[in-house]
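For reference, the structure discussed in these notes is given below.
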Amino acid sequence: TNESGCEFDFTESISPTTLSEIYSRYGSEAPVVLITHSNKRECYSNGKYYFTSDNFYSDSDNVGQIGALLTKKLNDLGINAIHLDELYASGSIINSSDEYEDSLASTLKKYPSISYVFNISRGVYINDDMSMQKELVLYQDKSYAQLLITSGTGWDKASENQTKNVLFALDFASFTNSMVSNLISENRISRFDLSQNIAPYSMNIEIGSFANSFSEANESCELFATVFYEYLTSKSPT
C-alpha cells in the first residue's frame with residue numbers, strides 16, 4: 001500500500017548486507033541488528049474483547065518485552081542483535097521523536113556494523129462498535145499475530161536510503177510470505193519519514209495489534225526471527 005506521493009521501480013534488485021560480509025569486516029562479535037521502540041510501553045489486550053477502561057500502555061507484557069525476546073532469539077540464531085530499550089519523553093508522543101532519533105543516531109555511530117534497524121510496535125484497530133479485528137495466521141498448528149511493515153519517505157520524494165528501505169521491505173515481505181503464507185498482512189509505504197532516513201536498512205514492524213494477546217505476539221516474534229535468519233542465509237553466497 002503506497003500512501004506516499006513517490007513512485008518506485010519494484011523491478012530493481014536489492015542485495016541486503018549478509019552476515020558473512022558484516023562479520024568479516026567488523027568481527028564475529030559485531031552487532032548486526034538494532035531493535036528499537038518509539039514507545040516500549042505499548043501493550044496488548046487479553047485477545048478476546050475490549051473495554052473502554054482497558055489500558056493501551058503498561059509496564060509489563062508490552063512491546064519492550066517483545067523486543068527483548070526478539071533480540072534474544074536473533075542472538076541464539078547467530079545474528080548479533082542489541083536492544084535499545086529506552087522510554088522517550090516519559091512515554092509522551094510530544095518530543096519523543098527527537099529523543100528517539102538522537103538515541104538512534106548515537107547508537108549507530110557507536111556500532112557502525114549495525115546494518116538493520118527494526119522499530120517494533122503494535123497496531124490499534126478498534127471498530128465503532130468497540131469490537132476488534134484480530135489478525136491471525138495459522139502455521140504448523142499454531143496461531144501467530146500477523147505483521148505489518150511500514151517504510152518511510154519524504155512524502156513526494158524518497159532519498160536513496162529511503163528507496164533502499166522500501167525495496168528491502170518488499171523483498172523481505174515476499175520472501176516471508178513464501179515461507180509462511182500471509183504472516184505479513186501489509187507492506188505499507190508512508191508519506192512520513194518515520195526516523196528511518198538516518199539508519200541503514202530499516203523497517204517499522206507492527207507485531208500484531210492491541211486485539212492480539214501478548215502470547216500471540218510472542219509466538220509471532222519468534223517466528224519472525226527465524227524467517228529473518230532464513231532470509232539472510234538465502235542471500236549469502238554459496
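If you take the residues in the range 141-158 that are open to solvent by 40 Å² or more (accessible area, probe 1.4 Å) and out of contact with any helix residue (DSSP H, G or I) (no Cβ under 8 Å at 6 or more places or on another chain), which one is farthest from PHE228 (Cα to Cα)? Here the answer is ASP156.
Scanning the range 117-157 for residues that are acidic (Asp, Glu) and touching a residue at least 24 places away in the same chain (Cβ under 8 Å) gives GLU135, ASP156. For first residues located in the range 186-203 and within 11 Å of VAL166 (Cα to Cα), partners that are among the basic types (Lys, Arg) and lie 6+ apart or on another chain with Cβ distances below 9 Å form the pairs TYR201/LYS164. Scoring LEU170 on the criteria (1) open to solvent by less than 50 Å² (accessible area, probe 1.4 Å); (2) within 15 Å of the chain's Cα centre (by Cα) leaves a single failure, condition (1).
Among the residues of the range 111-136, those identified as closer than 29 Å to LEU19 by Cα and of a type in the set (Val, Ile, Thr) are ILE114, VAL117, ILE120. Remark: SER38 falls outside the filter, which requires a residue to be without any contact (Cβ under 8 Å) to a residue 40 or more places away in the chain and under 21 Å from the mean Cα position of the chain (by Cα).
The values are calculated or read from the model by the stated rules, or taken from the named source; none is laboratory data. If you're wondering where the values come from, they're calculated on a predicted model, not measured in any experiment. Heads up, the Cβs are rebuilt from the backbone with ideal geometry, glycines too, and the neighbour counts pull from every protein chain shown. With ligands, DNA and RNA removed, areas are computed over all heavy atoms of the protein, side chains included. Shrake-Rupley method; radii C 1.70, N 1.55, O 1.52, S 1.80 Å.
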